[in-house]
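Inspection log for the structure reproduced underneath, given as structure tokens.
All of the numbers you see were taken from the coordinates with simple rules; none came from a lab. Since we're looking at a predicted model, the values are computed, not measured. Every residue, glycine among them, receives a Cβ derived from its backbone with ideal geometry; neighbour counts consider all protein chains shown.
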């Protein structure tokens, strides 16, 4: 496995990888790799063809009050994991390689990025789309692997790719959960022992909503009220939103269409921000 830091070297390596057998896959990450990332990398490697894993803590995806320096970083361990999983390359550029001095060009999706996390993090998705647009240009993959846990990222990036005529196949892998139901996330590392039992209320709220839909409930108001009630039983959780949306456009829905409706939750647990979702 090769580890590359410069854009020029990554372009050259990607060209060689694309000339081999099978499509080139890209797994974009911010590092601090966990079981969810492992699942993405295994899927990309197992699909045939070479897989590139990008590791880049993107400063543009952090708001002014968010802790970019404090985001967990474990580059050495991440590279070792990618090698064990069979990745062909890791692209781990420094910030100045992606955003050199004088950088002033951004990619902004103006519709699917507005609701949900776009309300409380108004600059976040501009950072995500700008970086992924650059990665697609640099690596030129045939497949892009993303996790269902980041459902709004998936929706926004699909729209960006369609609007800008990128020729890339999206492969979305189901959310990986820990034994207690909590969605795997790098931010779980920040949960204290006392907070961890409180965090599972998020997956419990999602599970209750799914059970209600399975029993015939179609009113999104009822589902949101019940999910909010479950979250409100913890005095450590501060709800940012509970929304039921179209999984493609992220627009709010008034009634559940089974299989085509998504419930999304974001909440603070003290200073840790967690998100999760489930298809109803």
* What's the percent breakdown of Cα-Cα distances in the chain across 10 Å bins, shortest bin first? -> 6, 28, 35, 22, 8, 1
* Quick one: go through the stretch 116-159 and flag any residue whose amide nitrogen is under 19 Å from the point 7 Å out along the Cα-to-Cβ line of residue 2. => 135-143
* Distance-filtered residues of the stretch 117-134 - backbone nitrogen under 18 Å, label point 7 angstrom along residue 268 Cα→Cβ -> 117-124
* To do: Kindly express, to the nearest 10 degrees and within the range 0 to 90, the angle between helix 35-46's C-alpha long axis and the longest C-alpha principal axis of the chain.
  => 50
* Gain in span if fully extended, residue 228 to residue 65, counting 0.36 nm per residue against the direct Cα distance -> 56.1 nm
* **Kirkwood-type radius of the stretch 1-50, with distances r between different C-alpha atoms, in Å** => 12.0
* To do: Per DSSP H run of n ≥ 4, the term is -39500 (n - 2.57); total these for the chain, divide by its residue number, and report the mean residue ellipticity at 222 nm rounded to 500 deg cm²/dmol.
  => -11500 deg cm²/dmol
* So how tilted is helix 7-18 from the main axis of the chain? Cα-based, degrees 0 to 90, rounded to 10. -> 90
* **Between 0 and 90°, nearest 10: helix 196-214 axis offset from the chain longest Cα axis** => 70
* Asked: Rounded, prolate or oblate: which fits the stretch 32-179, taking a ≥ b ≥ c as square roots of the Cα gyration tensor eigenvalues, rounded meaning a/c under 1.5, else prolate when a/b beats b/c?
  -> rounded
* Structure fact -> Note on the stretch 212-270: alpha-carbon gyration tensor, axes a ≥ b ≥ c; rule is a/c under 1.5 for rounded, else prolate if a/b larger than b/c, else oblate; result oblate
* Asked: For the stretch 122-245, what value does the Rg/Rh ratio take when both radii are computed over Cα atoms and Rh is the Kirkwood radius, given to two decimals?
  -> 1.03
* **C-alpha center-to-center spacing [the stretch 78-94, the stretch 217-238] in angstrom** => 40
